Amino acid sequence: MGGKVGANCNICGSNDWADMNGRSGVRCASCNSLERTRAIKLVLDRLNIPKPGDYILHFAPERGLAEYFARVSPGGYAPVDFDPSLYSKTDVTKFDLTTDGESLPSDHYDLIIHSHVLEHVPCNLAYVFHHLSRALKATGYHIFSVPLMRGHYDEYFGPLSSEEAVRRFGQHDHVRRFGLADISRHLGAIVRINKNYSLYEYADEETISHHNIPASQRSGLHSSTVFVTRKQDYLLGEYERPAVS
Ligand SMILES: [Zn+2]
């Protein structure tokens, strides 16, 4: 169904496409990658990461990326989720971002990665970023995406009907919305983010098109924007930029 003719998935190589929540032909029918997953892979490829031996912490591990990471760095790859029972693979371990941040080792990971996870986490985002940034090596990358929506930030950790959660946050199991109108006062107050994001910094037009990432998802701030951050981009810490070697 749908999908760009001749395009293939840059994660698994398939050229079968399916629909996703009304977005025609954007989901890889083989590994389930979405536009944003394939954009993340283009960014990783351009940065030439991860490398064999790297320590990788991957939240809500997308199947295609998980298989790729496990191939590249089998000994260092840690796929985690709040609910490991959602995954057919048994190597996904339980991790609760609202409480388990402090269990992470300091200066350990070469890559920390999560896509559309933070809208599900019912705790202060500064807590989450504090521990993820602490756990990142000075040379590491923290790469993530969140659903960015029009309007203002909102969050609520109390009980909420599905209807109310959909109305306020866009999905029944979301606890916050990342509003574009005040992004500098929530996400942007915690971590330095590139508001002028462009996927063209990481790949050329032909490559991006070939991997079926729609034109609307390539530049600016939206739900497929790939935030590439370093330890020193965490604004509530005092991390120094590593010396250039
Ligand atoms: Zn795929």
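Determine the shape class of the chain: with a ≥ b ≥ c the square roots of the Cα gyration tensor eigenvalues, call it rounded for a/c under 1.5, and otherwise prolate if a/b is greater than b/c, oblate otherwise.
Numbers: a/c = 1.32, a/b = 1.09, b/c = 1.21.
Judged from the Cα gyration tensor, the chain comes out rounded (a/c under 1.5).
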**Asked** Rounded to the nearest 500, what is the chain's calculated 222 nm mean residue ellipticity when only DSSP H runs of at least 4 contribute -39500 (n - 2.57) each, over all residues?
**Response** -6000 deg cm²/dmol
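Relative contact order of region 34-233, please, whole-number percent, based on alpha carbon pairs below 8 angstrom and at least 6 residues apart.
Values: 370 pairs, mean separation 45.1, N = 200.
After rounding, I find 23 percent.
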**Fill in**
Length gained, residue 184-residue 14, 0.36 nm per residue minus C-alpha separation, equals 57.4 nm
**Message:** List the aspartates and glutamates whose Cα sits under 15 Å from the Cα of residue 137, skipping any in the same chain fewer than 8 residues away.
**Reply:** 54, 107, 110, 233, 238, 240
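On full extension of the chain, what length is gained from residue 210 through residue 171, given 0.36 nm per residue of separation minus the C-alpha to C-alpha distance? Can you show the working numbers first?
On the way: separation 39, 0.36 × 39 = 14.04 nm, distance 3.03 nm.
Residue separation times 0.36 nm, minus the Cα-Cα distance, leaves 11.0 nm.
Can you put 28, 123, 9 in order, fewest other beta carbons within 10 Å first? Don't skip to the answer; put the middle values down first.
Details: 28 30, 123 15, 9 24.
Taking fewest neighbouring Cβ atoms as first place, the list is 123, 9, 28.
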**Item:** Highest average packing first - 207-217, 62-72, 154-164, Cβ atoms within 10 Å
**Value:** 62-72, 207-217, 154-164
**Fill in**
If each part is reduced to its alpha-carbon centroid, region 192-245 and region 129-175 end up apart, in Å, by 18 Å
**Fill in**
Shape call for region 144-217, from the Cα gyration tensor axes a ≥ b ≥ c (a/c under 1.5 means rounded, otherwise prolate when a/b beats b/c, else oblate), comes out oblate
**Message:** About the Cα centre, and with charges only on the beta carbon of Lys, Arg (+1) and Asp, Glu (-1), how big is the dipole of region 34-233? Nearest 20 debye, please.
**Reply:** 360 debye
**Request:** Run through the DSSP bridge list for the chain and note the antiparallel percent, rounded to the nearest 5.
**Result:** 35 percent
**Message:** Give the separation of the Cα centroids, region 48-126 to region 13-30, in Å.
**Reply:** 24 Å
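If you stretched the chain out fully between residue 32 and residue 102, how much longer would it get, using 0.36 nm times the residue separation minus the C-alpha to C-alpha distance? Walk me through the numbers before you get to the answer.
On the way: separation 70, 0.36 × 70 = 25.20 nm, distance 3.19 nm.
Extra length from residue 32 to residue 102 when fully extended: 22.0 nm.
Taken together, the values in this text are just the output of simple stated rules run on the coordinates, not laboratory data. Being a predicted model, the structure only gives us computed values, none of them experimental. Reconstructed Cβ throughout: ideal geometry from the backbone, glycine too, with neighbour counts over all protein chains shown.
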